[in-house]
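Visitor: I am attaching a structure below and will ask some questions about it afterwards.
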Amino acid sequence: MINPMDLTGKRILITGASSGIGRATAIYCAKLGARLVITGRDERRLEDTKHALEGQGHQMLLQELACREGLDMFFQSIAEETGALDGMVHCAGIPGVIPLKALSRQKLEQVMEVNFYSFVELVRQFGKKKYSRDGASIIGISTASVKHPKAYEIAYIASKAALEAAVPVMAMELKKRRMRVNSLCPGYVRTEMVEKVVAELGTKERMEDSAQTAILGWQTPEDIAKVCAFLLGDGAAAITACNLQADGGCM
């Protein structure tokens, strides 16, 4: 019996794997047979993720993605140990919840560096034949807030909107290698990053009320991980250049 979610033999890079959606995606993909390369900036938490992975041959790399010199050496390290990749999920990101009156060019660029510029560089390197296989799948994690914006999130929403705008362009440029490029747009997901921001802003009650406007309410990182796994697999072979709403029915 064919399982369209089977990732056996696929080599997949997941950024931001130390927590939240990245960690959940890594754990779920490993259960489906993938061999993973996980990356992040927190060594202890990244090691916790690696220990939670089923299977063998997983690689862990500490990497600052927002680096001006590029990521060629990073991908070279992956290729030397793991070989060419079949997929990538870019989950690394920072919230960037900053009121307009406090938003500076420097703060805006910090958010864009991690959430958008690094995605472009990751895809640029991933697209090289020496680092990836034909038919590979690339996923960038965006947010339903691009379509349903909130106050104080100019930097965050702008960075994710830029990511979504880049997706179809990347898909067209990589079509000769039959690579698929998509973004996934979650809604209200209970991650540590969201809980931290809500606590800092003192908006827990308002966030709880807002989450109830989605048909399915709060989502879990595991909910999004399952959609990522589908897009990485052969069952999603016809899906590319899309910004997919996986938002639990945000209204």
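Visitor: Scan around residue 59 for amide H atoms under 5 Å from its own, H built in the peptide plane at 1.01 Å from N, and keep only partners 5 or more places away or cross-chain.
Guide: Correct list: 36, 37, 38.
Visitor: Tell me which residues come under 5 Å, amide H to amide H, from residue 219 once H is placed; ignore anything under 5 positions away on its chain.
Guide: 188, 189, 190
Visitor: Further, regarding this structure: Whole angstrom only: what separates the Cα centroid of the stretch 151-171 from the Cα centroid of the stretch 48-95?
Guide: Cα centroid of the stretch 151-171 versus Cα centroid of the stretch 48-95: 22 Å apart.
Visitor: What distance in nm separates the simple spin-label points at residue 218 and residue 69, each placed 7 Å from Cα in the Cβ direction?
Guide: Using points 7 Å along Cα→Cβ, the separation is 4.3 nm.
Visitor: Give me, ordered by chain and number, the residues 5 or more places off residue 180 or on other chains with an amide H under 5 Å from its own placed amide H.
Guide: 136, 137, 138
Visitor: Further question on the same structure: For the stretch 21-125, take N as its residue count and report Rg(C-alpha) divided by 2.2 N^0.38 Å.
Guide: Normalised Rg, Cα atoms only: 1.18.
Visitor: Follow-up. Under a crude label model (7 Å from the Cα following the beta-carbon direction), how far is residue 101 from residue 8 in nanometres?
Guide: In this crude label model, residue 101 to residue 8 measures out at 6.1 nm.
Visitor: Around residue 183, what is the net charge, scoring Lys/Arg as +1 and Asp/Glu as -1 over all other residues with Cβ under 9 Å from its Cβ?
Guide: That sum, taken over residues with Cβ under 9 Å, equals 0.
Visitor: Kindly report the accessible area of the chain per residue (heavy atoms of protein chains, probe 1.4 Å, no ligands, DNA or RNA), in Å².
Guide: Per-residue value: 49 Å².
Visitor: Please work out which option in (1) 20.9, 75; (2) 17.6, 54; (3) 17.3, 58 gives Rg and Dmax of the Cα atoms in Å calculated from these coordinates, and answer with its label.
Guide: (3)
Visitor: Report the charge-dipole magnitude of the stretch 1-158 in Debye, nearest 20, computed about the Cα centre from +1 at each Lys and Arg Cβ and -1 at each Asp and Glu Cβ.
Guide: Roughly 360 debye for the stretch 1-158.
Visitor: Further question: Could you work out the relative contact order of the stretch 27-73, using alpha carbon pairs under 8 angstrom and six or more residues apart, expressed as a whole percent?
Guide: Relative contact order here is 42 percent.
Visitor: In nm, to one decimal, how far is the modelled label at residue 239 from the one at residue 51, with both set 7 Å along Cα→Cβ?
Guide: Each label point lies 7 Å from its Cα, and together they span 3.4 nm.
The values are calculated or read from the model by the stated rules, or taken from the named source; none is laboratory data. Since the model is a prediction, treat every value here as computed from it, not as a measurement. Heads up, the Cβs are rebuilt from the backbone with ideal geometry, glycines too, and the neighbour counts pull from every protein chain shown. Side chains included, ligands, DNA and RNA excluded: accessible areas come from the protein's heavy atoms. Shrake-Rupley method; radii C 1.70, N 1.55, O 1.52, S 1.80 Å.
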